Structures are given as structure tokens and as C-alpha cells.
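Asker: Starting off with a structure, shown below.
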Amino acid sequence: METTNKSILFGLYNDEEIVLQALKEAKGQHLDVYDVVSPFPIHGLDPLLGIEESRLHIAGFCFGLVGTLTAFLGMSWIFTKDWPMIFGGKPYWSVPAFIPITFELTVLFASIGMVITYYAINGMGPGVTNPVLHDRLTDDKFAIAFDAGNASEDEINKFKAFLENTGADEIQMKTI
Amino acid sequence: MSAVVSPIREPLITGRKSYHDITEDICAPSERAPSLTWVFAFIVAVTLLGFGVFSILWTIWFGIGSWNLNRTIGWGWDITNFVWWVGIGHAGTLISAILLLFRQKWRTGVNRAAEAMTIFAVICAALFPGIHVGRMWVIFFFFPVPNTRGPLWVNFNSPLLWDLFAISTYFTVSLLFWYTGLVPDFATLRDRASGLRKKFYNFLSFGWTGSAKHWSRFESLSLILAGLATPLVLSVHTIVSFDFATSVIPGWHTTIFPPYFVAGAIFSGFAMVQTLMLITRKVLKLEDYITLQHIESMNKVILLTGTMVGVAYLTELFIAWYSGYVYEQFAFLNRAFGVYWWAYFAMMTCNVLSPQIFWFKKMRRSIFVTFVMSIFVNIGMWFERFVIIATTLARDYLPSSWSYYTPTWVEIGIYLGTFGIFFTFYLLFTRIAPVVAIAEVKSILKSSGDQYIEEHEKHYQKAIDNKVKQH
């Protein structure tokens, strides 16, 4: 969530099952849900919100491949071109001996790359402060949020009615 | 979501906790002033650490001559301690990665502390290769960086260099995995705090909000990291065992070393997790989250891996005899009945015989027995490494160069110092971070909380009763 002075209308719920029910309802009413905030991952939420499976694994594969190539090509170049040396009468290009380091660097590059990508696309990082809708959302409350900034009075009333009818405990408007 | 719960599953969260109770209980230890026990333990840990630093400085100043190594025995307590600590570091990633892939829910109660333990143990381990080379100021020769020495490269064919890569990768990946899981929990602490404390946790929580999209990515990242960490954790101790197995020393030059080392590492790692968890759950009052069920599950792993280690010891003996190779035969005869017979005896008793007690359910669920056993296993696994290293080296090919080795106070001091490092970090960790993964425990509440399981049990019973009535 970026800080762009958005007006967010959200309702607080006490249980993830109520949230899932409410989201099914929202889908039926064709309401455009801005976000759902929860203290832990809710299973079965992604399809309701239309969140597609993350493509992080593709990024991970690419970073891993870079690691594999760096290690394998690097060692090959060093031992055959830059400084050829015989170890124990074995050939310069002793591929089996390169396997452990190639594996380790693959894992290392994939992990570091993926974690950095994850924080970057989430807009997170050391010292980053993102607006928090409510203090209890990392504790025991769940929120369904609507973007009220561009919505008409009518729509806002519709959102409010929806939140009330689906069992929200508390309804708040917050500018972030 | 109301998950389908088998009524025969034992609850993993007891005390009829609500989501808010979980937050309160797990955040509490870092929100109250440190207890006297903590302060006392911290002072002891820092003192040990100080003594360790002193011993290390002594080593650097006077050289490796301040240790009792000699021309026959070139590896002593240093590498023994290195392998021991690396081994301990294996349980954390096993719990967090392999058990995640196996969807073992009991993992959530212990993974955070076990991963922290992994990281601290690897720090302790990494210290030894660093100082055992003697001239610490040229340690950068380890790294394949462009240099003014030719450029002279490191030997990529050497298992010792593979080890450097394995340990550094393992440390980095464990740290990333651990911290990524910590971020949502730091956000929980942040939202409960005020003032300077809030600023501190705001920094640590990286701006986490709990948005649905972030959770979706979080889960997918955890899964892939687990998938990467699983072969990694197996590779690390395999490579550590290569340090020995690729040499041509009878007693080391065996193909059984990799699986045997990995089993031993998991064995000792779980023992250390038990030691720490039993104290942590008691002191921080987390008995509802780290239950007897968790302890029993870990004892089962200890029993399994301990037995695997036992089979490996016997296989080694059998193969030594069966090979008909006189040097190999002597190496093993010497291990069991040579000058270090007592170390072999300690290893066999602690690692092979004593874990068999866990065949009995009563013993697996006894806190006292578990605690004593976890110490036994830690001692036994230390002796295993000592037996492999010192006894083997003490009696080599030429009787004229046979030798005996006992550590000096400097070597003992460095070993005690690693305990200082380990416990200083662990104690700080219990003050700063939630010791149990809050978000993960919440996500299993509805399938593993005692009140939900009881509810399901009632339904189940009712269904059976109805069936009986119908017939």
C-alpha cells in the first residue's frame, strides 16, 4: 500500500470465517473490495479476491539459474583459462568437483534474489513505514477495506450497508 | 475456516485460547521487564563470552602453539566443536523447512526458537575454521576474490572450500527464512507498542501491514524457501562429512559418512532444541503452545535418528571387518579399545543405548527424562566427533609418530566461549522477538486448539451414537 492520500472505508470483523462469508456476499453484489487485512494468512481468500498465484517462483528460478551459471562458468574459467592447475593428477576441468559449490550458489542466489524481490514488490524494507488501518489488525481483528476516495455518496452508503449486514463490529473511515 | 479435524489428533494449543490470548501470551515475555533469572543467566552467558574472547585473543597473540595440537594430531577440540555446533544447527531448518513441506502442524510451536538456535549455532561453528588456521589476518585467502597474489585462486576441488560455501549459504538462507517469518510478528509487537519501542519495532517490521496480497506472497515465498532449504540442510552436513571422507585416513575414508553425519546432525539438533524448549516454555510460561505433544514428537525424531546413528556405527564396524583391510580394521579396533576407549564408550552409551528409552510413551512424555536425555545426546554427539577426529589421528600408520592429545585451557576456554555466544544471543532473542511464531500458531488454532478438537469430538461421538441407534 503506497501513501497516496486514499480514503479507505473498512469494517472490522472478529473471525476469518465471517470474512470469507462476507467476501462471497461482496462478490455476489459486485462490490469492488480494495483489500483484506488479517493477522495471519486466511486460506481460501485468494480466489475470492481474485489474487493470482504469486510468480515469485519464476523469479526464484531465474536467480537460481544465475547462481548456477556464475558458479559453474566461474570455476571452469578459473581452472582452465585463468590459472590452470593440476590437483591430484585430475583433469583441469574436473566437473564432479564443481557440483557442491554450484549447488550451494544456486540456492544462495535463488534465496537472496527471491527475498529481495518479495520485499521490493511488497513495498517493504528496513525503515519503511506503511500506513496501518487499525492496531488490532495484527492481533485478532480482520478488515475488509473499500476505496472510498473515488466512490460516490451512493456507493459509500452501499459499502457501509454491506459491512453492517455482514457482521462487521466497527466501521471506520481512514485517510492513508 | 473450520478445518476438518480428526478427533484422535491431540491438541497443539491448550488452554482454550482465543486469537487475542495468543497475542498476549507470546508478546508478554518481551513486554515485561527481564526477570531476575534472565538477568542472572545473561550475566553468566556474557562472562563465558568474555572468557571465550580472551582465549581467542590469546590464541591469535601466541599462535596455535597455545593449543595442544601436535604433528600427529592436527585437529582437536577446534574441529570437534565446529562439527558439533554445525550439527546442532541442523534441527532448526529441518523443523521449519522439511516439516513445512510435510505439513506437520506441530512445527509452528517450536520453529521460531529452533531457527534462532540454528543461526546462533552456525555462528559458533563458523568461528572455529576462522581461528584454527592460526593466522587470522590472512583469512580473506579463503574467499575467491580478485587479488594481488597472482591472482591466485582458492582450490575449488577441495572439500574444505566446499564447506566454506556450504556454511555461508546455510547461514544466509536460514537467516533470510527466519527473518521473513519474524516480520509479521514484529508488526504485532509494533502495533502494541508506543514511543521508542514502537520506532524500534517499526524498523524491524519493514512496514508490514497484513494485506491479503502480502500474505499470499508470504506463503508462496515460505514454501519455495522451504523447498530450497530442504536439500540445502542435507547438503551442508554431507559436505562437512566430506572434510573427512575424501581424505585417505583409515576410519575417515568411508562412503557411509554423509548419511551418517546428516542423521547425527538432526539427532543432536533436536536434542539441543529439547534442552532449550523445556527451559523456555517453563520460564516464559508457554506450556500451552509448546505442549507435551510437541515434546513427544521431537522425542520420536530423536529416537529415529539416534537409531540410524547406531546402525551407522555398527555398519562401520562390520565393513571394517568385512573389508579385510588391515588398516581399516585397526582404526576401528583402536577406536573401541585404544587409548581413547572411554570416549567411544561415552559415545555409544549416550547416542545408541540411551535414546532407546524413548520406545516407551511414558518416557517420551516425561519432561524430566526428556531433559536428561537431551543433555546425554548433546554429550554423546560431542564425543562422536571427538572419537572420529582425535582417536583416528592419534594412531596413524607409523607407530613412531603415535601421539596423545588433551586440550589446554585455551581450547577449553574457546569452547566455553561459544556457549557464551550462543546463550547471549539466545537470551537477547527471547527479549526482543516472539519466541513462538504468533501468526503461524493463530493459523492452526481452529484445527489444533483444544476447544475446537473437543467440539469435533462431540460431533463425531454423536454421529457414532446415531449410527448405533439406527441399527
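Asker: Once R0 is set to 25 Å, what does the formula 1/(1 + (r/R0)^6) return for the Cβ-Cβ distance between residue B:44 and residue B:369, expressed as a FRET efficiency to the nearest 0.05?
Answerer: Step by step, r from the Cβ atoms, then E = 0.45.
Asker: A follow-up question, please. Return the single residue from A:58, A:42, A:144 with maximal mean-square fluctuation; model: Gaussian network over chain A, springs between Cα atoms under 10 Å.
Answerer: A:58
Asker: Okay, next question. Within the range B:127-168, which residues have the backbone N less than 14 Å from the label spot 7 Å out from residue B:246 along Cα→beta-carbon, could you tell me?
Answerer: Counting backbone N atoms under 14 Å from the label point, the list is B:154-167.
Asker: When 1/r is averaged over all different Cα pairs and the result inverted, which Kirkwood radius in Å belongs to chain B?
Answerer: 24.1
Asker: Now, a different point. Distance from the Cα centre of the range B:38-53 to that of the range B:282-336, in angstrom?
Answerer: 31
Asker: With θ set to phi - 60° and the Karplus curve 6.51 cos²θ - 1.76 cosθ + 1.60, what are the ³J(HN,Hα) couplings of the range B:74-79 in order, to the nearest whole Hz, using x for Gly and Pro?
Answerer: Going residue by residue, I get x, 10, x, 5, 4, 6 Hz, with x marking Gly and Pro.
Asker: Determine the shielding of peptide B:181-191 by partner chains: average, over its residues, the number of Cβ atoms on other chains within 10 angstrom of each Cβ.
Answerer: Mean number of neighbouring Cβ atoms from other chains: 3.
Asker: Would you please give the FRET efficiency between residue B:326 and residue B:403, computed as 1/(1 + (r/R0)^6) with r the Cβ-Cβ distance and R0 = 22 Å, to the nearest 0.05?
Answerer: 0.60
Asker: Would you mind putting A:129-142, B:293-306, B:268-281 in packing order, based on average other-beta-carbon counts within 10 Å, highest first?
Answerer: Averaged packing, sorted descending, gives the order B:268-281, B:293-306, A:129-142.
Asker: Give the separation of the Cα centroids, the range A:9-65 to the range B:397-471, in Å.
Answerer: 31
Asker: Got a sec? Which residues in the range B:432-451 would a label at residue B:16 touch, if it sits 7 Å along Cα→Cβ and we count backbone N under 18 Å?
Answerer: Under 18 Å, as judged by backbone N against the label point of residue B:16, lie B:445-451 of the range B:432-451.
Asker: Ranked from highest to lowest mean number of other Cβ atoms within 10 Å per residue, what is the order of the peptides B:465-471, B:133-139?
Answerer: B:133-139, B:465-471
Asker: Next question. Before rounding to the nearest 500, sum -39500 (n - 2.57) across all DSSP H runs of length at least 4 in chain A and divide by the residue total; then give [θ] at 222 nm in deg cm²/dmol.
Answerer: -15500 deg cm²/dmol
Asker: Give me the one-decimal nm value for the distance between modelled label points at residue B:416 and residue B:349, 7 Å along each residue's Cα-to-Cβ direction.
Answerer: If labels sit at residue B:416 and residue B:349, their model points lie 2.4 nm apart.
Asker: For the range B:48-160, what is the Kirkwood estimate of the hydrodynamic radius, computed as the reciprocal of the mean inverse distance between distinct Cα atoms, to one decimal in Å?
Answerer: Its Kirkwood hydrodynamic radius stands at 16.8 Å.
Asker: Obtain the nm distance between the two label points defined at residue B:141 and residue B:104 by a simple spin-label model: each point lies 7 Å from its Cα along the Cα-to-C-beta direction.
Answerer: 4.3
Asker: Right, next: Would you mind computing, in nm to one decimal, how far apart the modelled labels at residue A:58 and residue B:300 are, each placed 7 Å from Cα along Cα→Cβ?
Answerer: Taking the two extended label points, one gets 4.0 nm.
Asker: Now for a different question. With springs connecting C-alpha atoms under 10 Å apart, model chain A as a Gaussian network and identify which of A:52, A:17, A:164 has the largest mean-square fluctuation.
Answerer: Highest fluctuation among the options: A:52.
Asker: I would also like to ask the following. When the helix-only estimate is applied to chain B (DSSP H runs of n ≥ 4, each -39,500 (n - 2.57), divided by the residue count), what is the mean residue ellipticity at 222 nm, nearest 500 deg cm²/dmol?
Answerer: -23000 deg cm²/dmol
Asker: Give the angle, between 0 and 90 degrees and rounded to the nearest 10, that separates the Cα long axis of helix B:195-204 from the longest principal axis of the Cα atoms of chain B.
Answerer: 60
Asker: Moving on to the next point. Run through every distinct alpha carbon pair of the protein assembly as shown and return the Kirkwood hydrodynamic radius in angstroms, one decimal place.
Answerer: About 27.2 Å for the protein assembly as shown.
Asker: Continuing with this model, one more query. Compute the separation of the alpha-carbon centres of the range B:88-136 and the range A:96-153 and state it in Å as a whole number.
Answerer: Computed from Cα coordinates, the inter-centre distance equals 23 Å.
Asker: Hey, another quick one. Rounded to the nearest 10 degrees, what's the angle between the helix B:438-448 long axis and the longest principal axis of chain B, both from Cα atoms, 0 to 90?
Answerer: The angle comes out at about 60 degrees.
Asker: Angle, helix A:153-165 long axis vs. longest principal axis of chain A, Cα atoms, 0 to 90°, nearest 10?
Answerer: With both axes taken from Cα atoms, the answer is about 90 degrees.
Values in this text are rule-based calculations from the coordinates and carry no lab data. Note that the structure is predicted; figures quoted are calculated from it, not measured. Reconstructed Cβ throughout: ideal geometry from the backbone, glycine too, with neighbour counts over all protein chains shown.
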